[in-house]
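What follows is a single structure, written as structure tokens, with notes after it.
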Amino acid sequence: MIQTYILQNFLPGDRVQLAPHHDLWMRGAKYGTVERIGRRAVHVRLDVTRRLARLSPEDIGELIL
């Protein structure tokens, strides 16, 4: 079963894995940490590139607890 997330599922500091369909995941940036939550997007600091990526909740594959 595929998990669908909404913005309210995330908190700053949460660890996430990007969804496999996302271009960044295919480039090796698979994990990151949520820095902030906007009105339409989750801002994630990627582990590999240290870049801040603005992702929609559909682009998050898994919330790592």
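The values are calculated or read from the model by the stated rules, or taken from the named source; none is laboratory data. All figures in this text were calculated on a predicted structure; none of them were measured in a lab. Backbone-built Cβ (ideal geometry, glycine too); neighbour counts: all protein chains shown. Surface accessibility is based on the protein's heavy atoms, side chains included, excluding ligands, DNA and RNA. Shrake-Rupley method; radii C 1.70, N 1.55, O 1.52, S 1.80 Å.
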In debye, nearest 20, what is the charge dipole magnitude of the chain about its Cα centre with +1 on Lys and Arg Cβ and -1 on Asp and Glu Cβ, if you could check? 280 debye
Net charge of Cβ neighbours under 11 Å - reference PRO20; Lys, Arg +1; Asp, Glu -1: -2
What is the packing order of peptides 35-41, 19-25, taking the mean over residues of other C-beta atoms within 10 Å and listing the highest first? 19-25, 35-41
Quick one: length gained pulling ARG36 to LEU11 fully straight, 0.36 nm per residue minus the C-alpha distance? 8.3 nm
Residue-normalised value, i.e. accessible area per residue, for the chain at 1.4 Å probe, in Å², stands at 69 Å²
What helix-only [θ] at 222 nm does the chain give? Using -39500 (n - 2.57) per DSSP H run of at least 4, over all residues, to the nearest 500, the answer is -1000 deg cm²/dmol
